[in-house]
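J.: Let me begin by handing over the structure; questions about it come next.
The values are calculated or read from the model by the stated rules, or taken from the named source; none is laboratory data. Bear in mind the structure is a predicted one, so any value in this text is a computation, not a measurement. Here Cβ is always computed from backbone atoms with ideal geometry, including for glycine, and neighbour counts include all displayed protein chains. Areas reflect the complete protein model, heavy atoms only, side chains present, ligands, DNA and RNA absent. Shrake-Rupley method; radii C 1.70, N 1.55, O 1.52, S 1.80 Å.
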Amino acid sequence: MKTFNLGWLLFVAILLISALPFSQASRSKQHKVKTGVFRSPQIVLGPGSVANKLFSNIDFPRGHIALKSFDAEIIDESGNPVPLYDTYLHHWLVLKFYVRKGLENQDISKLNSSDYISGRNSGICQDGALDQFFGLGSETRRTKTHIPDPYGIEIGSPTKIPSGFVETWGLNVHAIDTRGVEDRMGCTECRCNLYNVTKEENGTPLSPNYDGGLLCCYDGTKCRLKDGFIGIERTLYLQYTVKWVDMNSLIVPVNVYIFDVSDIWKRSRNSTGINSEHNCQVEYQVESCRATGSENDKCIDAESVSLDMPFGGYLVYGVAHQHAGGTGSALYGKDGRSLCSSMPIYGTGEEAGNENGYIVGMSTCYPKPGTKKISKGETLILESNYSSIKQHTGVMGLFYILVAETLA
């Protein structure tokens, strides 16, 4: 009798052990990661010049898939990485559009509004502001964008594409050539006096209190050069690497949310916490602590905003976006519990990815699954800190999070 029991236990153990690798192999096969390396259309820049381009229908993975990461950098015609002190990457954004069939190869900026629909992220800013699925700036080379298994950003679902339309992807690249400029950091902060700009791109006069930001470094503007400097134009590209897996039942979709510390919004009676109630400014200005009379030992400008979460779920990933001068950002939940803190990484050298004085990376959060739950309607607090030893113009205090409605 004892021999039978031992034999039976051995048989069961063999079955369990043999089944485990099979299960893991099956799961691995279902999650086979594919990789594509692409280049944007060419970006031609001369010393001091600015390119802020929206490229339509870019090369992008197709089909019903789950995105796992998106990494990018500026390169030259030979494929060499271009350092930030030569060409400052202000930002790149990846946007989804549904375009009427037959028009997908047209410039989306020239289409009638009835011929395309923004396939924006899950919020929470107003339509047309921070709609992107991925997007970074100078920190792009050393900021992780990987989405851990079994999660992914679902795209290409036939049930979500409006009838008569196709899913396409756009790429916004904002780059500033700072070779030979008079004030390199001033140019990257888009200070209006350095660009000799007094009106917005559409001709609207700038506010007297607007010292710098996106309104002064639009496409085609030029930052002031040192006297006598002469340089050549060169052709650059944004090279981007996308990783994805085929969508299947084992993938848990995540929603993309982007918060803005400069968001001006009011909670309405029937508040949903999304779109029309929000007014994300995208950028703001940090005044010098000396100029404001608030000088202290730390000279830190601390901004914060309370935001209602329109939907619930579990935090999978988080990262902030800041400009030079940033000292870190954090997102808190109800009762002040920490959801994610993201700190800037400053370069200390000359090589691309480690440029001295520039933010070359942001730390990211990958909470243990199920440990960071956000409830529907929960009030979150976003904080963004900058050094205010000197004035900074056109800074940003954004926070990206990925949220899964269910656990794996």
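J.: What list of ³J(HN,Hα) values in whole Hz, one per residue of the range 230-236 in order, does the Karplus curve 6.51 cos²θ - 1.76 cosθ + 1.60 (θ = phi - 60°) give from phi, with Gly and Pro shown as x?
T.: 10, x, 9, 6, 9, 9, 10
J.: Could I ask something else about it? If you take every residue apart from HIS321 with its C-beta less than 13 Å away from the C-beta of HIS321, what net charge results, scoring Lys and Arg +1 and Asp and Glu -1? Walk me through the numbers on the way to the answer.
T.: Working: positive: none; negative: GLU139, ASP260, GLU283.
It works out to a net charge of -3.
J.: Sticking with this structure for a sec: Given H placed on each backbone N at 1.01 Å, which residues far from TYR346 in sequence or on other chains put an amide H within less than 5 Å of it?
T.: VAL360
J.: Could you pull out every one of the lysines with an alpha carbon less than 20 Å from that of LYS298, ignoring same-chain neighbours closer than 8 positions?
T.: Within the straight-line cut-off, LYS298 pairs with LYS390.
J.: Something else: What size of dipole, in debye to the nearest 20, comes out for the chain about its Cα centre when the only charges are +1 on Lys and Arg C-beta atoms and -1 on Asp and Glu C-beta atoms?
T.: Details: 39 positive and 43 negative charges, 334 e Å.
Charge dipole, the chain, about its Cα centre: 1600 debye, nearest 20.
J.: For LYS373, what accessible area in Å² do you get when you roll a 1.4 Å probe over the heavy atoms of the protein chains, rounding to the nearest 10?
T.: Estimated to the nearest 10 Å², LYS373 gives 110 Å².
J.: Work the Kirkwood hydrodynamic radius out for the range 322-382: mean of 1/r over every pair of different alpha-carbon atoms, inverted, in Å. Spell out each step's value before the answer.
T.: Values: mean 1/r = 0.0746 Å⁻¹.
After inverting the mean inverse Cα-Cα distance, the result is 13.4 Å.
J.: Whenever you get a sec, line up ARG120, ARG100, ARG267 from highest to lowest accessible area (probe 1.4 Å, protein heavy atoms). List each step's numbers first, then the result.
T.: Values: ARG120 40, ARG100 90, ARG267 140 Å².
Ranked list, largest accessible area first: ARG267, ARG100, ARG120.
J.: Could you tell me the relative contact order of the range 135-224? Use alpha-carbon pairs under 8 Å, at least six residues apart, and round to a whole percent. Write out the running numbers ahead of the final one.
T.: Values: 58 pairs, mean separation 19.8, N = 90.
In percent, rounded to a whole number, it is 22.
J.: Could you give each residue of the range 119-127 its phi-based ³J(HN,Hα) in whole Hz, using Karplus coefficients 6.51, -1.76, 1.60 with θ = phi - 60°, and x for Gly or Pro?
T.: So the J values, rounded to whole Hz, are x, 4, 6, 7, x, 10, 6, 5, 4.
J.: Convert each backbone phi in the range 175-182 into a coupling constant with the Karplus relation 6.51 cos²θ - 1.76 cosθ + 1.60 (shift: θ = phi - 60°), then list the ³J(HN,Hα) values in order as whole Hz, x for Gly and Pro.
T.: 10, 10, 7, 9, 5, x, 6, 5
J.: Let me ask you something else. With every protein chain present, what is the per residue accessible area of the range 47-170 (1.4 Å probe, Å²)? Spell out each step's value before the answer.
T.: Values: 4860 Å² over 124 residues.
Accessible area per residue: 39 Å².
J.: What is the set of long-range amide H partners of ILE300 at a cut-off below 5 Å, with H atoms built 1.01 Å from backbone N?
T.: Correct list: SER388.
J.: In whole Å and largest first, what semi-axes does the C-alpha gyration tensor of the chain yield when each eigenvalue is scaled by 5 and square-rooted? If you can, show how the numbers build up before the last one.
T.: Numbers: eigenvalues 327, 133, 106 Å².
Output for the chain: semi-axes of 40, 26, 23 Å.
J.: Per-residue accessible area for VAL166 at 1.4 Å probe radius, Å² rounded to 10?
T.: So the heavy atoms of VAL166 present about 40 Å² to solvent.
J.: Relative to the longest principal axis of the C-alpha atoms of the chain, give the angle of the C-alpha long axis of helix 2-30, reported between 0 and 90° and rounded to the nearest 10°.
T.: That works out to roughly 30 degrees.
J.: Identify the GluC sites (Glu not before Pro) of the range 71-177 meeting these criteria: DSSP loop state and at most 13 other C-beta atoms within 10 Å of the C-beta.
T.: Sparse-neighbourhood loop GluC sites (Glu not before Pro): GLU77.
J.: Calculate the spin-label point distance for ASN196 paired with CYS299, positioning each point 7 Å from the Cα along the beta-carbon direction, and give it in nanometres.
T.: 3.2 nm
J.: What is the set of long-range amide H partners of TYR317 at a cut-off below 5 Å, with H atoms built 1.01 Å from backbone N?
T.: It is LEU402, by chain and number.
J.: Report the gain in length on full extension from ASN209 to ASN356: 0.36 nm times residue separation, minus Cα-Cα distance, nm rounded to one decimal.
T.: Full extension of this stretch gives 49.9 nm more.
J.: Relative contact order of the chain, please, whole-number percent, based on alpha carbon pairs below 8 angstrom and at least 6 residues apart.
T.: Values: 975 pairs, mean separation 93.0, N = 408.
Normalised by residue count, the contact order of the chain is 23 percent.
J.: Now for a different question. Order THR168, THR35, THR159, THR241 by their accessible area, 1.4 angstrom probe, all chains in place, largest first. Please list the in-between numbers first.
T.: Numbers: THR168 5, THR35 80, THR159 125, THR241 40 Å².
Final ranking, largest accessible area leading: THR159, THR35, THR241, THR168.
J.: Can you tell me the accessible area per residue over the range 174-272, all protein chains present, probe 1.4 angstrom, in square angstrom? Could you put the intermediate results ahead of the total?
T.: Working: 5160 Å² over 99 residues.
About 52 Å² of surface per residue is accessible.
J.: Given the -39500 (n - 2.57) contribution per DSSP H run of 4+ residues, what per-residue ellipticity at 222 nm results for the chain, rounded to the nearest 500 deg cm²/dmol?
T.: Values: 4 runs with 42 residues, N = 408.
After summing the helix terms and dividing by the residues of the chain, the value is -3000 deg cm²/dmol.
J.: May I ask you to compute the full-extension gain from ASP183 to LYS53, defined as 0.36 nm times their residue separation minus their alpha-carbon distance, rounded to one decimal in nm?
T.: The span from ASP183 to LYS53 would gain 44.4 nm if fully extended.
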